[in-house]
Amino acid sequence: MPPHTLTPRSSAYLTALTQEIEKKLQRGIASPTLSRNLLQELFQDIALEVDDRAKDIILSNEELASIEEERTEGPLCFYEVLADHFVWVPKNGEPILDLIVKLWSQAFASHIFSLLFHKWLFEVQIDNADVLLRYSSALVQGATNVFWIDVQTNTRHFHSLFRYLLEEVALVPERLKKIPLQAQRDLFLLLSRFIFLYNMVDKIESFLKKFPEFPNAFLIGGPADIFVIELTDQLLKLKVEPVLLHYLSHIKALQGMELRMATSTRLKTCLYSFTSPGGPMYPTRAVRHAAWVALDLLFPVGQYPRHVISLFFRLLYPWYWPSSCWNFVISCVQAVFYSVLRLLFSSWDRLTKTRQA
């Protein structure tokens, strides 16, 4: 969100919000048994969409129009407004940060830190190396947790956080170097796992060019190999069908990447595991077809033998025969129906043109 001039009204509103956050954190410290529930409630509150009344208070009409024009996915949320506010007015965020540190070991503490202070971390100067490492680790851990929430709910609620970490940190060396090297590596691994989810495949080429050095690169390969390994592991963890289909639909972005044989085999094995019904993946029919499309697209050599072998293995599972035959018949009927429609429309179009001539 671009910076704007705070009016007395908007400043008072944001100050009141920060005070409410501070009060809830203080209650969490005072009541350890209730801290988890309080932090969960706070996380849900700051992740909420900014309502129209709050927008009128915080933003002018010109600023609101500019924000809505720039946004591509998801509504404007309170965490975005507060993250910018803590960059513009750091002193308002200091008490909240101190309280979060005291609740560091509690669930949702890293979630809240990543949402409220992901911009602050890269805009302020932190001289203590241990503190910087702690904040950086909390950012990566919290961002991982909130991105998985989007996976489980098939939403893009935290698209703004991901976009900032990718475009304003990972692709900007001056900001990236503000955090320790290990945190840089962890951040790039995190972004590799979720870049498909947030529809940022157009940034993959520039993203790979900015990869930090990994100590085990001589064993597993370069940036492309590390990226594909992380993506492959992510695919195997996905259990939400629409999200898995979304990932498979973007797999064509890997075409042309120069990968080591081990990495290529790993990806091929992963995709192949989604092409067969039953365990261990138990993919749906839609996932199986999407996996076959992805497999044939990325590994065209040997696709016909693969399909023949798959057909023979399917014969070993007679309980799948009825559904397979039924789907085959439906597919044939649909193909014939659409062919007849195309033939009729083309004939009608030629007849119409002949009469006009």
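The values are calculated or read from the model by the stated rules, or taken from the named source; none is laboratory data. Everything quoted here is computed from the prediction, not taken from an experiment. Ideal geometry is used to build each Cβ from the backbone, glycine not excepted, and the neighbour counts take in all protein chains shown.
Within the option set Trp88, Trp120, being surrounded by fewer than 19 Cβ atoms within 10 Å (Cβ to Cβ) and not polar (S, T, N, Q) holds for one residue only, Trp88. Considering the stretch 83-141, the residues that are closer than 21 Å to Ser10 by Cβ and charged (D, E, K, R) include one that is farthest from the chain's Cα centre (by Cα), namely Lys91. Screening the stretch 11-32 for residues that are out of contact with any helix residue (DSSP H, G or I) (no Cβ under 7 Å at 6 or more places or on another chain), assigned to a helix (DSSP H, G or I) and not polar (S, T, N, Q) and picking the one that is farthest from Val81 (Cα to Cα) gives Ala30.
Restricting the first member to the stretch 171-197 and to residues that are without any contact (Cβ under 8 Å) to a residue 40 or more places away in the chain, and the second to residues that are of a type in the set (Val, Ile, Thr) and not in a helix (DSSP H, G or I), no beta-carbon pair is closer than 8 Å while six or more apart or on different chains. When each of Asn128, Asn145 is tested for being in contact with a His (Cβ under 8 Å, 6 or more places away or on another chain) and surrounded by fewer than 21 Cβ atoms within 10 Å (Cβ to Cβ), the lone residue that passes is Asn145. If we scan the stretch 209-231, do we find a residue that is at pLDDT 95 or above and polar (S, T, N, Q)? No, the conditions are met nowhere in the stretch 209-231. If you go through the stretch 122-176 and keep only what is touching a Cys at 6+ places or on another chain (Cβ under 9 Å) and assigned to a helix (DSSP H, G or I), you end up with just Ser160.
Residue count for the stretch 152-191, restricted to those that are of a type in the set (A, V, I, L, M) and out of contact with any Phe, Trp or Tyr (no Cβ under 8 Å at 6 or more places or on another chain): 7. Apart from one condition, Leu197 fits all of (1) within 16 Å of Leu161 (Cα to Cα); (2) part of a helix (DSSP H, G or I); the exception is (2). For the stretch 234-245, indicate whether the set of residues that are closer than 24 Å to Thr144 by Cα, modelled with pLDDT of 95 or more, in contact with a Lys or Arg (Cβ under 8 Å, 6 or more places away or on another chain) and assigned to a helix (DSSP H, G or I) is non-empty. Checking the stretch 234-245: at least one residue is closer than 24 Å to Thr144 by Cα, modelled with pLDDT of 95 or more, in contact with a Lys or Arg (Cβ under 8 Å, 6 or more places away or on another chain) and assigned to a helix (DSSP H, G or I).
Of all residues in the stretch 246-259, those that are part of a helix (DSSP H, G or I), closer than 21 Å to Leu208 by Cα and either of a type outside the set (S, T, N, Q) or under 14 Å from the mean Cα position of the chain (by Cα) (or both) total 6. Is one or more of the residues making up the stretch 322-332 modelled with pLDDT of 80 or more, part of a helix (DSSP H, G or I) and not polar (S, T, N, Q)? No, because not a single residue in the stretch 322-332 is modelled with pLDDT of 80 or more, part of a helix (DSSP H, G or I) and not polar (S, T, N, Q). The residues in the stretch 177-194 that are assigned to a loop (DSSP other than H, G, I, E, B) and hydrophobic (A, V, I, L, M, F, W, C) can be counted, and the count is 1.
Scanning the stretch 200-228 for residues that are in a loop (DSSP other than H, G, I, E, B) and either under 23 Å from Ile251 (Cβ atoms) or in contact with a strand residue (DSSP E or B) (Cβ under 6 Å, 6 or more places away or on another chain) (or both) yields Met200, Lys210, Phe211, Gly221, Gly222. Could you list, in sequence order, the residues of the stretch 57-92 that are at pLDDT 80 or above and over 22 Å from Arg163 (Cβ atoms)? The answer is Ile57, Val89, Pro90, Lys91, Asn92.
How many residues, within the stretch 333-357, are within 30 Å of Arg288 (Cβ to Cβ), at pLDDT below 75 and not hydrophobic (A, V, I, L, M, F, W, C)?
0
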